[in-house]
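This report refers to the structure that appears directly beneath it.
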Amino acid sequence: MEKGLFVTGTDTDVGKTVIAAGLAGLFKEKGLKVGVMKPIQTGAIKRKGKLVSLDIELMIKTSGITKDMDILNPYCLEPPLAPLVASQITGVKIDIEKILAAYSKLKANYEFVIVEGAGGLLVPILSNYLMIDLIKDFDLPLLIVAKPSLGTINHTLLTIRQAQSQGIRVLGVVINRLKEDEAGIAEQTNPQVIEKISNVPILGIIPDSPKISLEKCQPGNIVELLKRNLHLDIY
């Protein structure tokens, strides 16, 4: 059985947090002791004078875990920018060893760990260290979340090729937030084209749901949507 997976996105606002949270809830229902992690949050919000990661809050809600936030989210930065830039603006020095130590603690305490990145594979964390380097250091397979609309073929194939060129195993692609009543030819054909060219499976096409809200920390029906539409065998 896999010990975990890393969730990345092909673009901003593709809903990778919702998919990561849904996976945590789904695997919990399967009887797994699931840990969740957001190594670096940018675009954090302030609540009662303290920076908060909405992403990890949603993942905590579906997984039900109560670990120390310093382990689940080692770095929480306010500017909605790449980690390198956000850390430079805020004066926070990002220590990769701190992130790796937090992940080691989670791995030791949970059967399966779901890690969500910040941005895509080539987002810089340090000037000489990218998100893809963190994935390699974690030694986790990759799940790619993509949008359904025009442009996703290019973004998804680029993400797949970059991961594979670095020796990262790609589990597959999840097409997220499909508005079925608005789907045109691009939305109908993109999954088959991506699968055929990349030889990487489309693991599921997840419909858009008004019940889900990251801002309100409402996972809504994401677990049920994944049950019906996702084909991911972790055993």
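The values are calculated or read from the model by the stated rules, or taken from the named source; none is laboratory data. Only a predicted model underlies this, so the values are computations on that prediction, with no experimental measurement involved. Reconstructed Cβ throughout: ideal geometry from the backbone, glycine too, with neighbour counts over all protein chains shown.
Report, by residue number, each residue of region 168-200 that is outside any helix (DSSP H, G or I) and either over 19 Å from the mean Cα position of the chain (by Cα) or of a type in the set (Phe, Trp, Tyr) (or both). Matches in region 168-200: Lys179, Ala183, Gly184, Asn199. Looking at region 16-75, the helices (runs of 4 or more DSSP H) lying wholly inside it that each contain 1 or more residues that are touching a Lys or Arg at 6+ places or on another chain (Cβ under 6 Å) and crowded, with 21+ Cβ neighbours inside 10 Å sit at 54-63. Selection within region 162-200: residues that are at pLDDT 95 or above and of a type in the set (Asp, Glu). The member of this set that is farthest from Leu230 (Cα to Cα) is Glu187.
Inspect region 96-105 for any residue being touching a helix residue (DSSP H, G or I) at 6+ places or on another chain (Cβ under 9 Å), surrounded by fewer than 22 Cβ atoms within 10 Å (Cβ to Cβ), in contact (Cβ under 8 Å) with a residue 24 or more places away in the chain and part of a strand (DSSP E or B) and give the result as yes or no. The answer is no; no qualifying residue exists. Within region 201-209, is even one residue loosely packed, with under 14 Cβ neighbours inside 10 Å and either at pLDDT 95 or above or not in a helix (DSSP H, G or I) (or both)? No: region 201-209 contains no residue that is loosely packed, with under 14 Cβ neighbours inside 10 Å and either at pLDDT 95 or above or not in a helix (DSSP H, G or I) (or both).
In the set (1) at positive phi; (2) modelled with pLDDT of 95 or more, the condition left unmet by Gly64 is number (2). Asn154 passes all but one of (1) modelled with pLDDT of 95 or more; (2) surrounded by 14 or more Cβ atoms within 10 Å (Cβ to Cβ); (3) over 15 Å from the mean Cα position of the chain (by Cα); which number fails? For Asn154, the exception is condition (2).
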